[in-house]
Amino acid sequence: MRRKIQSIRGALAFAAIALLVPARISPEENGTESARDSIDGNLVVTEISFTGLTRTRESFLKKEYEKHLGKTVSETNLHDIENDLQSEGLFETFSVSFRDIDGQSAGIVVEVTEKMTFIPLPFAMVSSGGFSAGAIVMDTNAFGVKDMFMVGGFYSSSSIAGIASVARPPRNDGTPGLSAFASVSKNEPKVVGLDNKKALEYRNLSGSAKLSVAEKITEKNMLSVSAGFSTISADERDGKPAASVDSAKIGSLSASWNFLMSDWNGWFSSATKISAEFSASKYFGLDDESELSGIVADANMQLGFQKPFISERLRAVGKIAGDFVLPQRHKSAHISEYKGGSAVGCTILPDKFLTDKIIGASIGIEFALKKYSFGLSSLYANYEAVLTKDFSLGTDTDFSMDEFCHGPNAGIRLYLSKIAFPAVALGMSYNVTKKYGQFTAALGISM
């Protein structure tokens with residue numbers, strides 16, 4: 001059995017929602033219960049104050065956390081506030097306690113140490129495929145109100161790209177969130193099939209822009225809508241036509257729903273996450289001979305969980321997800337709609353594999369090794385299974401998914417506590433069905 005190790009994946013996933021960075025203070029260490037026992041439980045909580053802030057505006061936090069006011073001390077669950085602070089992703093350490101204000105009312109005192117939220121991230125890599133370098137500058141707490149901006153660029157022997165984004169998350173007071181994203185790239189995409197052999201290669205000049213609006217319907221439910229425009233200009237490669245990759249201008253609309261319920265125990269977060277997204281795209285300026293017509297739709301569904309068991313340092317992690325391109329009028333979708341294994345959280349497929357139909361599932365465990373001053377290290381292992389359709393373009397109307405792959409994935413993660421960046425992961429995966437392995441490296445993780 002010959003094992004083929006593929007090139008490193010550089011995955012930058014900046015929406016780390018479910019895998020939260022562990023802070024260094026646990027509920028037992030910060031004296032939550034003793035804080036409640038040392039004060040009259042009948043006092044009404046009328047204010048919340050923050051100490052230790054450097055960049056974050058206290059007025060912003062007070063407005064976000066005023067939902068915890070108006071209850072008596074005995075009715076107030078300080079662990080709920082700890083969960084909220086943990087999910088902010090802004091604080092390295094925190095502690096929460098009560099204080100008696102005047103014998104009739106009480107205040108909540110939150111002491112924090114902030115993470116570094118302005119992050120320059122240069123990188124360079126040399127591999128058998130050549131040289132690549134770039135840099136990203138991001139701020140996850142711009143203006144002290146948890147706005148985010150990011151700008152960066154990448155260069156290699158075969159591609160050049162630039163990206164920029166700004167975002168403001170939805171607020172607890174009902175203010176909707178807004179985000180904008182833009183990118184431009186010139187590259188030579190290479191697509192492989194499940195056998196890891198080249199199926200398509202072409203030259204491409206593309207650009208895209210997207211605007212999104214998000215609203216918290218409840219504390220755990222969020223809806224968002226997006227509008228985008230992109231262009232792809234496909235050209236021949238080495239004198240050969242770009243197969244059925246058509247140059248096109250693409251307008252798209254999408255809507256998504258996200259549900260997240262989480263709880264933090266000082267080591268890990270337990271969480272349940274459900275999401276669904278539906279998008280519709282219309283193509284303009286297609287080549288005259290193109291058979292693509294009508295509106296192309298895409299549906300993505302995900303269900304994930306993580307739950308500590310036996311010990312606070314051990315948790316079970318599972319996920320099932322699917323992504324389906326839904327062509328209209330019996331025509332195949334444009335390649336810009338195709339997704340890889342990352343769309344369903346899969347690591348056992350080639351990183352350049354694309355498909356229009358895939359379902360993936362995984363189950364595994366993660367164990368917290370040790371807490372350090374700079375973060376927490378863990379070991380993880382899971383087993384993945386994928387049902388998919390192999391790569392194909394053209395007028396194929398076969399909706400069957402007759403390719404099944406499975407295999408293990410294991411490695412080490414480091415959750416950083418001093419900077420507002422979710423995690424670093426190094427691991428190995430092996431596709432038992434197709435008999436090849438991969439080394440994976442990722443910056444930032446989402447469930």
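In the condition set (1) at pLDDT 85 or above; (2) buried (at least 16 other Cβ atoms within 10 Å of the Cβ); (3) assigned to a strand (DSSP E or B), E92 is compliant with all but (1). Within region 240-261, the presence of a residue that is over 29 Å from G89 (Cβ atoms), β-branched (V, I, T), open to solvent by 30 Å² or more (accessible area, probe 1.4 Å) and modelled with pLDDT under 90 is excluded.
Filtering region 46-55 to residues that are open to solvent by 50 Å² or more (accessible area, probe 1.4 Å) and under 17 Å from I101 (Cβ atoms) leaves T46, E47, T51. Among the residues that make up region 108-117, is at least one of them surrounded by 18 or more Cβ atoms within 10 Å (Cβ to Cβ) and either more than 28 Å from S49 (Cα to Cα) or among the acidic types (D, E) (or both)? Within region 108-117, one or more residues are surrounded by 18 or more Cβ atoms within 10 Å (Cβ to Cβ) and either more than 28 Å from S49 (Cα to Cα) or among the acidic types (D, E) (or both). Scoring M401 on the criteria (1) modelled with pLDDT of 90 or more; (2) aliphatic (A, V, I, L, M); (3) under 19 Å from G322 (Cβ atoms) leaves a single failure, condition (1).
In region 120-149, what count of residues is obtained for those that are closer than 19 Å to S206 by Cβ and at pLDDT 85 or above? Talk me through it step by step, then tell me what you get.
Keep residues of region 120-149 that are closer than 19 Å to S206 by Cβ, which gives 132, 134.
The next check asks that each one be at pLDDT 85 or above; those that pass are 134.
Number of matching residues: 1.
Does F98 count as closer than 30 Å to N42 by Cβ, in contact with a Ser or Thr (Cβ under 9 Å, 6 or more places away or on another chain), buried (at least 18 other Cβ atoms within 10 Å of the Cβ) and modelled with pLDDT of 85 or more? Taking the combined requirement at face value, the residue satisfies it. Pairs are defined by a Cβ separation below 6 Å, a sequence spacing of at least 6 or placement on different chains, a first member in region 315-336 that is among the hydroxyl-bearing types (S, T, Y), and a second member that is at pLDDT 85 or above; the pairs so defined are S336/I232. Within the set L200, L194, the sole residue that is open to solvent by less than 30 Å² (accessible area, probe 1.4 Å), more than 23 Å from S252 (Cα to Cα), of a type outside the set (V, I, T) and at pLDDT 85 or above turns out to be L194.
So E291 passes all but one of these: (1) over 20 Å from A234 (Cα atoms); (2) modelled with pLDDT under 85. Which condition number does it fail? E291 satisfies every listed condition except (1).
Among the residues of this structure, P170 does not count as one that is closer than 23 Å to L354 by Cα and crowded, with 18+ Cβ neighbours inside 10 Å. Pairs meeting the criteria (first residue in region 163-179 and farther than 19 Å from K62 by Cβ and free of Cβ contacts under 8 Å to residues at least 24 places away in the same chain, second residue open to solvent by 60 Å² or more (accessible area, probe 1.4 Å) and among the acidic types (D, E), beta carbons under 6 Å, at least 6 apart or on different chains) are lacking.
What residue, among those in region 56-89 that are part of a loop (DSSP other than H, G, I, E, B) and at pLDDT 90 or above, is surrounded by the fewest Cβ atoms within 10 Å (Cβ to Cβ)? Break it down stepwise before answering.
In the first step, residues of region 56-89 are kept if they are part of a loop (DSSP other than H, G, I, E, B); the result is 56-57, 65, 69-71, 73-77, 89.
When the remaining residues are screened for being at pLDDT 90 or above, the result is 56-57.
Values: T56: 21, R57: 15.
Among residues in region 56-89 that are part of a loop (DSSP other than H, G, I, E, B) and at pLDDT 90 or above, the one surrounded by the fewest Cβ atoms within 10 Å (Cβ to Cβ) is R57.
Name every residue in region 418-439 that is modelled with pLDDT under 80 and within 18 Å of the chain's Cα centre (by Cα), in order of residue number. Full working, then the answer.
From region 418-439, those modelled with pLDDT under 80 are 418-424; that's our starting set.
Residues satisfying the conditions are I419, A420, F421, P422, A423, V424.
Working only within region 101-111, note down all residues that are β-branched (V, I, T) and modelled with pLDDT of 90 or more. It would help to see each step written out before you state the result.
The first filter runs over region 101-111 and keeps only residues β-branched (V, I, T), leaving 101, 108-110.
Within region 101-111, I108, V109, V110 qualify.
Screening A227, A135 for residues that are without any contact (Cβ under 8 Å) to a residue 40 or more places away in the chain, among the hydrophobic types (A, V, I, L, M, F, W, C) and either open to solvent by less than 20 Å² (accessible area, probe 1.4 Å) or in contact with a Ser or Thr (Cβ under 8 Å, 6 or more places away or on another chain) (or both) leaves exactly one candidate, A227.
The values are calculated or read from the model by the stated rules, or taken from the named source; none is laboratory data. Computed from a prediction, not measured in an experiment: that's the story for all the values here. Here the Cβ is made from the backbone with ideal geometry for all residues, glycine too, and neighbour counts use every protein chain on show. Side chains are part of the model used for accessible areas, which takes the heavy atoms of the whole protein and leaves out ligands, DNA and RNA. Shrake-Rupley method; radii C 1.70, N 1.55, O 1.52, S 1.80 Å.
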